[in-house]
Structure formats: structure tokens, C-alpha cells
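Would you mind keeping the following structure in view while I ask a few things?
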Amino acid sequence: MMYKYNYSPGPTYVRENVRAARSLETTNPDIDRDFVKYYKDTCDIINKIIDSNNNTYMLSGEAILGLEAACASLTESGDRILVIDNGLYGNGFKDFVSMYGGLPVMFKQDYKRGVSCEELEEFLKRDSDFKYATIVHCDTPTGVLNDIHKICPLLKKYGIMSVVDSVSGMVGEFLSVNKSGADIVIGGSQKAISAQPGITIVSVSDMASESMRKREKPIIGFYANLRIWENYLSEQYFPYTLPSSDIISLRVALENIVSEGIDNVLDRHKKIATCVRSSIEKSGLRLFLESDFSNTVTAIELPDNIRATDITRFIYEKHGVIIATSLAEYKDKIIRIGHMGENATFDRTSYILSLLDEAFAHYGVHLDETLFDGFVKNYKK
Ligand SMILES: *Cc1c(COP(=O)(O)O)cnc(C)c1O
């Protein structure tokens, strides 16, 4: 492989003990009875970390599978679904909804800040005839954070279930599935959890399961059908051969989180993110967002005369280090610093900031104070 370090907002840095766990002997999860227990115990660890009493599953597939599975399993032909859109992932839910025959109704908000509960409630007062709503916890292409612990209860007040994409929020931002009352919460192994990509986590409420059981027509497809997981424990049998190595390495990543303590992990993210943001402000560069910044990724809006892809290419070619631009219309305007999971440390963050300083100097972008200096000063305060 060409690269040395990866600072993209997922996949992120994977600790050595997690990488090593992948090299263990491969079992047959369908025959090895211990594996069912190991799987269930791993789901219980996840539930502790995300404060969930719901049924939590690990599906074999990248987190997009979790998003699709939620929509595939809940949507019936003609269902009206509220798609809360203040970012690219938020917007993207409409495609999954339509693919499975639903009618997406968009609630569009400013992409530069979190969803306003007041405006959402005004909207719901006029129209609340939705089976469920979709909302993104942290919309990674801009890093905007939505207060799902207020939004999901508000939706419930109007009888609307919620599907929450917490792929880049989980473990980097406070998340209590129980307190939020969210019906399906989706996470991914490769973001703040800091394992390799390959597993999506899906936590399903009783209300959501009940809704799937009461469908008029069966769920379309197999792989994205959440009902195939319902009886794995009682039947001691999985719907398909699970990628045991992916699950074993995810388990070690989760144990890393448990041994640090989830509250400490969240504090670490908060401190790093706060220092990164203030270093950007002091440098004279602009943060893309106006408010509601997530602690897992920071988006810098570049001056007009400089292209984000030039900066990322410079850093990659000179140092073999990966840093991300953004997606779609933001691709050349935004640089994103992924400080999630194992990347949310003083050493790793100060290093990537020093490389950004070098790239900005190379392209003649004046900084009032280097990102590195600003970050270090703030961190030591
Ligand atoms: C990473 C991510 C996903 C998974 O998508 P990929 O881009 O395929 O990794 C889904 N939702 C959000 C908010 C994410 O950050």
C-alpha cells in the first residue's frame, strides 16, 4: 500500500491491537456455538456504549447497508416519509426511500447549521402524516451536528418513528439511544469506533420491529431485510456466514473504548475538536459551518483562489498522508480534518495540522497564526 497515515473522516486510524485481531484463526460462525454468544456479547457491549436497550445487530457490510436496511425494512409502497435534509447524507435518504416505494417529503434546512426544532415543529403542526423520518446525527461532508435527543422525541410526539444515521456520530458524540427514543440507529465500524470498514451496526426499537411485522407486503430483498436477524439468538443460527474476522477486530476496538471509558472518549473528542476549531479561527481561515459543529470532523472553507484537491494532493504526494476534501458541490471548496476515534489525539492532530500549514505555505495562503501553533497553545491552556 502507498499511504502511511489516514486522517479522513472515516475510515480512520486503526490501532495495532485491532489490526492484529484480524489475523486470528477463522472460525465457522454457523457451526461454532461459541460464536453466537460472542456475537451477542459484542452487541451487548455496543448497547452499553450507546445506551440502548433495543435489539442491536452487526450486519456484514459497510454502513450504507445499515441506511438501506432501515429504509428497506420500514418502507411500504406509498408510505409518506419525512426526509430531514441539512446535509448530503440527510438528502441522500430520499433515494433509499423512493427505491423501496416510499414517497419522500423533504424538510430542507440550511446546510451551515443544525436542524431547528422550532421550525421542525412548525412544519409538523401543518403536516405530520409520516410513517417515519430520517435524520443524520453528524452529516460528515460538512460536520454539522443535529440534536437528535431533541429531534427524535419531537417526532415521536407527532407519532413519527425515526431512523438516525449516527455513522460518524457514534462514539465521538454523546449518544443515548434510550434517551433519544430513536427507532433505528445506524453506526459503522470504520468511523469513531476505529475498526476497519466492513460492519454496520443497527439498533432497532420494539416499535420499529412491530411495524416491520405488521407490513402488508413482505420486505423486498434479503440482505437489507432486518427481519432475518430477529431469531438468530433463539435459533442459534445466522442468516448468512458472518465475517468473523471483521467482528473480532470490531470487538477489540469496542474493548479499547470500554477500557478508556466512553465519557473519556467523548471528552477527548471535544477537547481536540475545540482546539482545532479555534486554531482555524486564529489562522484567519474560515470554518464552513456557522454553528452546531460536530466533534468528529472539522470542515475548513478555503479562500476562492485555492482548490481543496491541490492541498490534499500536495500532502499525499509529499508525505503519503490522506486528508479529505468534501463531496459533491463542496469537493473543491472544503478541506476536512477527521479527528475521530483514534485520530482524536494531540499527537496525531497536531501532525496533520502541521502538514496543512506546509501545504498552505506552498500555495501562498497567508495564515495569521499557523494551525499547529494555535492548536498547541490552546491544547496546553
Ligand atoms: C461514512 C458515513 C456513512 C457511510 O458511508 P460511506 O461514505 O460509504 O463510508 C453514512 N453516513 C454518514 C453520515 C457517514 O459519515
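The values are calculated or read from the model by the stated rules, or taken from the named source; none is laboratory data. Fair warning: this is a prediction, and the values are worked out from it, not measured in the lab. FYI the Cβ positions are ideal-geometry reconstructions off the backbone, even for glycines, and counts take in every protein chain you see. Please note that ligands, DNA and RNA were not included when accessible areas were found on the heavy atoms of the full protein model with its side chains. Shrake-Rupley method; radii C 1.70, N 1.55, O 1.52, S 1.80 Å.
Please compute the per residue accessible area over segment 16-259 with all protein chains in place, 1.4 Å probe, rounded to a whole number of Å².
39
Quick one: length gained pulling D347 to K217 fully straight, 0.36 nm per residue minus the C-alpha distance?
Result: 41.5 nm gained on full extension.
What FRET efficiency comes out for the pair V105/D263, r = Cβ-Cβ distance, R0 = 41 Å, nearest 0.05?
The value I calculate is 0.60.
In debye, nearest 20: dipole of the chain around its Cα centre with unit charges on the Cβ of K, R (+) and D, E (-)?
Around 240 debye, computed over the chain.
Rounded to the nearest 500, what is the 222 nm mean residue ellipticity of the chain from helices alone, with -39500 (n - 2.57) per DSSP H run of 4+ residues and division by all residues? Intermediate results must be reported in sequence, preceding the final value.
Working: 14 runs with 161 residues, N = 381.
For the chain, the value works out to -13000 deg cm²/dmol.
What residue among R313, R336, R268 has the largest mean-square fluctuation in a Gaussian network model of the chain, using Cα springs under 10 Å?
Taking springs between Cα atoms under 10 Å, the residue moving most is R313.
Tell me, what are the semi-axes, in whole angstrom and largest first, of the equivalent ellipsoid of segment 171-276 as set by the roots of 5 times the Cα gyration tensor eigenvalues?
Sorted largest first and rounded, they come to 30, 18, 12 Å.
Still on this structure, I have one more. Give the calculated FRET efficiency between I31 and E281 to the nearest 0.05, with a Förster radius of 41 Å applied to their Cβ-Cβ distance.
Approximately 0.10, to the nearest 0.05.
Modelled label-to-label distance, K4 and E121, 7 Å Cα→beta-carbon offset: nm?
Result for the modelled spin labels: 5.3 nm.
Hey, another quick one. Which one, N17, F222, G61, is farthest towards the positive end of the dipole of segment 16-259 when Lys and Arg carry +1 and Asp and Glu -1 on their Cβ?
F222
Please compute, for the alpha-carbon atoms of the chain, the extent along each of the three principal axes and give them in descending order in Å.
Here the spans come out as 62, 57, 33 Å, largest first.
While we're looking at this one, here's another question. Of the cross-linked pairs K40/K108; K4/K271; K108/K333; K131/K331, which ones have a Cα-Cα span greater than 29 Å in the structure shown?
Listed pairs above 29 Å: K40/K108; K131/K331.
Then there's this: FRET efficiency for K150 and E210, Cβ-Cβ distance as r, R0 = 35 Å, nearest 0.05?
0.90
Another question, then. For the charge dipole of segment 261-379, defined by +1 on Lys and Arg C-beta atoms and -1 on Asp and Glu C-beta atoms about the Cα centroid, which residue among F360, I300, L327 has the Cα displaced farthest towards the positive pole?
L327
Mind checking which lysines have their C-alpha under 17 Å from K150, skipping anything on the same chain fewer than 8 residues away?
Cα-Cα hits under 17 Å: K125, K179.
In addition: Show which aspartates and glutamates lie in cross-link reach of K380 when reach means a straight Cα distance below 14 angstrom and same-chain residues fewer than eight apart are skipped.
Partners found: D347.
State the answer as a single residue: which of Y316, N378, A273 lies farthest towards the positive end of the charge dipole of the chain, with beta carbon charges of +1 for Lys and Arg and -1 for Asp and Glu, about the Cα centre.
Checked the options; the winner is N378.
Another question about this same structure. Express the C-alpha Rg of segment 261-379 as a ratio against the empirical globular expectation 2.2 N^0.38 Å, rounded to two decimals.
0.99
Which of the chymotrypsin sites (Phe, Trp or Tyr not before Pro) found in segment 1-66 are in a DSSP loop and have at most 13 neighbouring Cβ atoms, other than their own, within 10 Å?
Counting only loop positions with at most 13 other Cβ atoms within 10 Å, the chymotrypsin sites (Phe, Trp or Tyr not before Pro) in segment 1-66 are Y3.
If packing is taken as the mean number of other Cβ atoms within 10 Å per residue, what is the order of 361-367, 28-34, highest first?
Result, highest mean Cβ count within 10 Å first: 361-367, 28-34.
Enter the Cα centre distance for the pair segment 183-253 and segment 352-373, rounded to the nearest angstrom.
After rounding, the separation between the Cα centres reads 43 Å.
Of the DSSP beta bridges with both residues in the chain, give the percent that are antiparallel, rounding to the nearest 5. Don't skip to the end; give the middle numbers.
Details: 22 of 42 bridges.
For the chain, the DSSP antiparallel bridge percentage is about 50.
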